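Would you mind keeping the following structure in view while I ask a few things?
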Amino acid sequence: MTLQGKTALVTGGGRGIGRAICLRLAKMGAKVYINYVAGADTAEAVQREIADFGGQARVLPFNVADAVAVAEAVKTLIAEAGAIDILVNNAGITRDGLLARMKEEDWDAVVDTNLKGAFLCAKAVSKQMMKQRFGRIINIASVIGCTGNAGQVNYAAAKAGLIGLTKSLARELASRTITVNAVAPGYIVTEMTAALSEEARAQLLSEIPMAVLGSAQDVAGAVAYLAGPDGGYISGQTIHVNGGMYM
Ligand code: NDP
């Protein structure tokens, strides 16, 4: 129970990787705020799962790309919990398509959710973290932010941007004992990757030295390490969780 007494906010915590992170942090003793934007049912199900093993969790709906909503939600959280120790910027979407056919709104939606959302959430929690001189900010990037991928200029740009944001913010906040890191998953079995065709899946597996897709738990493990006491001297880093796909 190394996170006993700590409060965590996980954006997009109701399913997939975010769900696994919420469960993991709650099992380590943290009080977890599960953010969602549309999926109330799944977020509430995660809250019940956590309560079932004696953990503490609340749901906190807001759109990470909406500055006013983010600020209000974080204010509510801090008023209720008294602190915010861990922020996991996990919420993310894809709107894939080749550049020639990609609509401006597909670019905006992905950059707003995946990059601006992390900026807004980090900004909203940073004041309290600086005041308490402690914090852990963990941004869920992607292998695609490092390798690029045809059909994902929006997603790759947002995730590469997230890694730049991570390094800059790590420098800004280090003197207050706040670490900022990124976790970059490879291909993980979630709803986001469920749409892959058999052909695409076979192609992917051929590019992964370990020859299997990862699980949400694999990503949650890296987040737990960075959030916990063993991660205290790690900042500005990107931890790749990808079966060796990108080194
Ligand atoms: P899912 O599609 O399963 O879940 C996405 C989550 O993000 C949902 O909980 C969703 O909430 C939330 N979300 C989306 N938009 C917003 C928003 N505007 N405000 C708040 N929450 C929002 O995705 P994964 O679990 O697969 O991915 C999680 C993260 O990991 C993403 O950042 C993704 O880019 C990254 N990643 C995933 C990989 C994979 O292979 N799956 C690989 C590399 C990175 P709601 O349920 O309310 O819609």
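The values are calculated or read from the model by the stated rules, or taken from the named source; none is laboratory data. Bear in mind the structure is a predicted one, so any value in this text is a computation, not a measurement. In this analysis, Cβ positions are derived from the backbone assuming ideal geometry, glycine residues included, and neighbour counts consider all displayed protein chains. What goes into the accessible areas is simple: the full protein's heavy atoms, side chains included, and nothing from ligands, DNA or RNA. Shrake-Rupley method; radii C 1.70, N 1.55, O 1.52, S 1.80 Å.
Report, to the nearest whole %, how much of the accessible area of the chain belongs to carbon and sulfur atoms, 1.4 Å probe, protein only.
Values: 6170 of 11650 Å².
Looking at the chain in its full context, I get 53 percent from C and S.
For Ala100 and Gln132 in one chain, what is 0.36 nm times their gap in residues minus the Cα-Cα distance, to one decimal in nm?
Numbers: separation 32, 0.36 × 32 = 11.52 nm, distance 4.79 nm.
Extra length from Ala100 to Gln132 when fully extended: 6.7 nm.
What order, most packed first, do the peptides 4-14, 92-102, 189-199, 152-162 have when packing is the mean number of other Cβ atoms within 10 Å of each residue?
4-14, 152-162, 92-102, 189-199
Then there is this: Size of the dipole of region 13-58 about the Cα centre, Lys and Arg at +1 and Asp and Glu at -1 on the beta carbon, nothing else charged, in debye to 20?
For this selection, approximately 180 debye.
Shifting gears a bit: Which loop chymotrypsin sites (Phe, Trp or Tyr not before Pro) in region 1-104, with loop taken from DSSP, have no more than 10 other Cβ atoms within 10 angstrom of their Cβ? Before the final figure, lay out the partial values.
Numbers: sites: Tyr33, Tyr36, Phe53, Phe62; in loops: Phe53, Phe62.
The qualifying sites are Phe53.
As an exercise, take the mean of 1/r over every pair of distinct alpha carbons in region 137-206, invert it, and state the Kirkwood radius in angstroms. Please list the in-between numbers first.
On the way: mean 1/r = 0.0740 Å⁻¹.
Answer for region 137-206: a Kirkwood hydrodynamic radius of 13.5 Å.
Further question on the same structure: What do you get for the angle between helix 198-207 and the principal long axis of the chain? Use alpha-carbon atoms, 0 to 90 degrees, nearest ten.
Around 80 degrees separate the two axes.
Collect residues whose amide H, placed 1.01 Å from N in the peptide plane, falls under 5 Å from the amide H of Ala184; neighbours closer than 5 in sequence don't count.
Ala141, Ile239, His240, Val241
Let me ask another. For the chain, how many pairs of lysine residues have a Cα-Cα distance under 17 Å, where the two are 8 or more positions apart or belong to different chains?
14
For region 37-93, what is Rg from Cα atoms divided by 2.2 N^0.38 Å, rounded to two decimals? Mind showing how you got there, number by number?
Details: Rg = 12.2 Å, N = 57, 2.2 N^0.38 = 10.2 Å.
So region 37-93 has a normalised radius of gyration of 1.20.
For the chain, with a Gaussian network of springs between Cα atoms less than 10 Å apart, report the residue from Ser142, Ser206, Ser215 with the top mean-square fluctuation.
Comparing Ser142, Ser206, Ser215 in a Gaussian network model of the chain, the most mobile one is Ser206.
Mind computing the radius of gyration and Dmax over the alpha-carbon atoms of region 205-247? Å is fine for both.
12.1, 36
While we're on this one: Give the angle, between 0 and 90 degrees and rounded to the nearest 10, that separates the Cα long axis of helix 40-52 from the longest principal axis of the Cα atoms of the chain.
50 degrees
Quick one: putting +1 on the C-beta of Lys and Arg, -1 on the C-beta of Asp and Glu, what dipole do you get for region 172-247 around its Cα centre, in Debye to the nearest 20? Display every interim value, and only then the final one.
On the way: 2 positive and 7 negative charges, 46 e Å.
Roughly 220 debye, rounded to the nearest 20.
Mind checking Rg over Rh on the chain, alpha carbons, Kirkwood formula for Rh?
Numbers: Rg = 17.1 Å, Rh = 18.0 Å.
Rg/Rh for the chain comes to 0.95.
Please report the relative contact order for the chain, taking Cα pairs under 8 Å with a sequence separation of at least 6, and give it as a percent rounded to a whole number. Mind showing how you got there, number by number?
Details: 507 pairs, mean separation 46.1, N = 247.
Averaging sequence separation for qualifying contacts and normalising by length gives 19 percent for the chain.
Please name which of Ala73, Gly97, Trp107 has its Cα lying farthest along the dipole of region 1-123 towards the positive end, using unit charges on Cβ (Lys, Arg +1; Asp, Glu -1) and the Cα centre as origin.
Ala73
Put +1 on the Cβ of each Lys and Arg and -1 on the Cβ of each Asp and Glu in the chain; which of Ala124, Pro209, Ala38 then has its Cα farthest toward the positive end of the dipole?
Ala124
How high is the relative contact order of region 24-65, in percent, with contacts defined as C-alpha pairs under 8 Å that are six or more residues apart? List each step's numbers first, then the result.
On the way: 56 pairs, mean separation 20.6, N = 42.
For region 24-65, the relative contact order is 49 percent.
Could you give the size of the charge dipole of the chain about its Cα centre, using +1 on the Cβ of each K and R and -1 on the Cβ of each D and E, expressed in debye and rounded to the nearest 20?
Details: 23 positive and 21 negative charges, 197 e Å.
It works out to roughly 940 debye.
Which one of Ala157, Ser175, Gly231 is farthest out on the positive end of the charge dipole of region 156-240, using unit charges on Cβ (Lys, Arg +1; Asp, Glu -1) and the Cα centre as origin?
Ser175
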